[in-house]
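Chemist: Here it is: the structure, laid out below.
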Amino acid sequence: MLSAASSLELSIQTRIFKIIIIGDSNVGKTCLTFRFTGGSFPDKTEATIGVDFREKAVEIEGETIKVQVWDTAGQERFRKSMVEHYYRNVHAVVFVYDVTKMASFRNLQTWIEECNGHRVSASVPRVLVGNKCDLVNQIQVPSNMALKFADSHNMLLFETSAKDPKESQNVDSIFMSLACRLKAQKSLLYRDVEREDGRVRLTQETEAKSNCPC
Ligand SMILES: Nc1nc2c(ncn2[C@@H]2O[C@H](COP(=O)(O)OP(=O)(O)OP(=O)(O)O)[C@@H](O)[C@H]2O)c(=O)[nH]1
Ligand SMILES: [Mg+2]
């Protein structure tokens, strides 16, 4: 068993990455969050009011990182007082649309503008997620259209389903790929700080040895 001191030390050392999920109401933001943090698809969901937080500890290259997912409200009336909080000190942004609803794809432009309007740095990674791919006969947003949009905004595209258990790895990979990128970014940041201190010098070679699972 861990002593109180060592468990305190562990929790102090654990880095937390804040990832927000943004998109129209009903696209499945809450279900995607559930799938990643709890491994299941909820029987029933209500519209999110304000924000729901869910966390998951993941291990990347031997480091335990806490991924803190901010599941935001898509409905204007449930989000307007919270928007500032969503974007404050955010580490990564996940934009979600519903592949069976063209309007949710068209509205991405507005969500991206909102994000840009909150001084989110260009270095904050963003990904695009097309959800509900299990509804194969109802797809309205063709993959090539989504891919073009993602490319033009410098985002990776994931097409997936929070509902289909066979897709659960794909859902995990949305968050894991972001966590890997953030870990790499942060280690660069530490390296710079350490360089300034003149204490530690990490070389390109050290970076190349990285064996990130993503
Ligand atoms: N078929 C299918 N239905 C899904 C999927 N993901 C979510 N749903 C359904 O879509 C509806 C909305 O899901 P939520 O996760 O609550 O949507 P949301 O984006 O969080 O909505 P707000 O909280 O209002 O912003 C629910 O009825 C879910 O069961 C999916 O991958 N496939
Ligand atoms: Mg929700």
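The values are calculated or read from the model by the stated rules, or taken from the named source; none is laboratory data. A quick note: this is a predicted structure, and the numbers were derived from the prediction, not measured. Reconstructed Cβ throughout: ideal geometry from the backbone, glycine too, with neighbour counts over all protein chains shown.
Chemist: Pairs needed: first member in region 41-65, among the hydrophobic types (A, V, I, L, M, F, W, C); second member anywhere, in a strand (DSSP E or B) and within 13 Å of ligand 2 (Cβ to nearest atom); C-beta distance under 6 Å; at least 6 residues apart or different chains.
Modeler: Close Cβ pairs satisfying both conditions: 51/70; 51/72.
Chemist: When residues of region 59-94 are filtered for being in contact with a helix residue (DSSP H, G or I) (Cβ under 9 Å, 6 or more places away or on another chain) and modelled with pLDDT of 95 or more, how many remain?
Modeler: Number of matching residues: 16.
Chemist: Using the structure shown, decide if residue 138 is surrounded by fewer than 18 Cβ atoms within 10 Å (Cβ to Cβ) and under 30 Å from residue 15 (Cβ atoms).
Modeler: So residue 138 does not fit the description; no.
Chemist: Would you mind telling me which numbered condition in (1) more than 26 Å from residue 147 (Cβ to Cβ); (2) more than 8 Å from ligand 1 (Cβ to nearest atom); (3) surrounded by fewer than 17 Cβ atoms within 10 Å (Cβ to Cβ); (4) of a type outside the set (Asp, Glu) residue 75 fails?
Modeler: (2)
Chemist: Pick from 20, 49, 16: which is under 14 Å from the mean Cα position of the chain (by Cα) and surrounded by fewer than 20 Cβ atoms within 10 Å (Cβ to Cβ)?
Modeler: Within the list 20, 49, 16, the selection yields 16.
Chemist: A further question follows. Can you tell me which residues in region 120-160 are aliphatic (A, V, I, L, M), at pLDDT 95 or above, part of a loop (DSSP other than H, G, I, E, B) and more than 14 Å from the chain's Cα centre (by Cα)?
Modeler: Answer for region 120-160, where residues must be aliphatic (A, V, I, L, M), at pLDDT 95 or above, part of a loop (DSSP other than H, G, I, E, B) and more than 14 Å from the chain's Cα centre (by Cα): 135, 139, 141.
Chemist: Quick check on residue 49: is it in contact with a strand residue (DSSP E or B) (Cβ under 6 Å, 6 or more places away or on another chain) and either assigned to a loop (DSSP other than H, G, I, E, B) or closer than 17 Å to residue 179 by Cα (or both)?
Modeler: No, not satisfied.
Chemist: I've got another one for you. Considering region 52-78 alone, what residues qualify as being within 12 Å of ligand 2 (Cβ to nearest atom) and either in a strand (DSSP E or B) or touching a Gly at 6+ places or on another chain (Cβ under 7 Å) (or both)?
Modeler: Going through region 52-78, the residues within 12 Å of ligand 2 (Cβ to nearest atom) turn out to be 52, 54, 69-75, 78.
Once the filter is applied, which keeps residues that are within 12 Å of ligand 2 (Cβ to nearest atom) and either in a strand (DSSP E or B) or touching a Gly at 6+ places or on another chain (Cβ under 7 Å) (or both), region 52-78 yields 52, 54, 69, 70, 71, 72, 73, 74, 78.
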